[in-house]
Amino acid sequence: MKGAKKLPFLMLKMATEAELKSRLLGFFKEATQETEGIFLVDFVKKPNSLWFTFLIDGDEAVNLADIAKISRGISQQVDELIEDETPFRFEVSTPGADKPLKHQRQYKKHIGRTIDILLDNDEKIEGELFAVEETQIEIETPANKKEKTEAQKHTIAFDDIKESLIKLKF
């Protein structure tokens with residue numbers, strides 16, 4: 001019966017977390033209304049905590065001033081509109097160059113760069129990203145003298161992409 005006593009508390013906690021998450025997302029929308037070209041890539045909660053992370057990106061590069069402005073906008077609304085004493089934390093950040101692309105909008109600023117793509121059928125393709133359309137991307141794989149292949153163009157639907165990473169050059 002010990003578990004039965006905890007169940008209502010757990011349900012209340014989940015409802016509170018879901019409500020908090022929903023309110024924070026609303027605050028994010030408000031804070032980004034005047035920030036053109038910035039969008040939410042992901043909104044995650046660290047396991048077993050009330051630590052939320054807004055992962056943002058932009059049609060152009062996102063800078064520290066953008067992150068600070070959005071963070072202040074969310075913080076101001078939290079201070080004004082959340083009366084609950086439940087302690088929680090949030091942060092606003094970019095995903096980082098080593099993270100997979102998740103949204104069509106992220107691809108456009110990487111035209112001309114090398115991209116590694118893993119398809120749903122587990123086929124891997126590496127090539128230069130040269131076009132981004134509404135539902136697909138176009139890449140060109142380089143010629144391979146060893147295998148005697150010429151450069152090839154590939155059109156890949158977003159629905160067929162399992163994961164894609166921009167290949168960093170050092």
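The values are calculated or read from the model by the stated rules, or taken from the named source; none is laboratory data. Everything numeric in this text was worked out from a predicted model, so none of it was measured. Cβ coordinates were reconstructed from backbone atoms using ideal geometry, including for glycine residues, and neighbour counts include every protein chain displayed. When the accessible area is computed, the model is the full protein with side chains, heavy atoms only, and any ligands, DNA or RNA have been set aside. Shrake-Rupley method; radii C 1.70, N 1.55, O 1.52, S 1.80 Å.
Quickly run through the stretch 144-161 and pick out the residues that are in contact with a strand residue (DSSP E or B) (Cβ under 6 Å, 6 or more places away or on another chain) and farther than 20 Å from LYS108 by Cβ.
ALA151, GLN152
Right, ASP122: open to solvent by 80 Å² or more (accessible area, probe 1.4 Å) and either within 20 Å of HIS103 (Cβ to Cβ) or not in a strand (DSSP E or B) (or both) or not? Show your work before the answer.
Values: open to solvent by 80 Å² or more (accessible area, probe 1.4 Å): yes; either within 20 Å of HIS103 (Cβ to Cβ) or not in a strand (DSSP E or B) (or both): yes.
It is true that ASP122 is open to solvent by 80 Å² or more (accessible area, probe 1.4 Å) and either within 20 Å of HIS103 (Cβ to Cβ) or not in a strand (DSSP E or B) (or both).
Report whether or not LEU129 is assigned to a strand (DSSP E or B) and either without any contact (Cβ under 8 Å) to a residue 12 or more places away in the chain or open to solvent by 50 Å² or more (accessible area, probe 1.4 Å) (or both).
Values: assigned to a strand (DSSP E or B): yes; either without any contact (Cβ under 8 Å) to a residue 12 or more places away in the chain or open to solvent by 50 Å² or more (accessible area, probe 1.4 Å) (or both): no.
The answer is no for LEU129.
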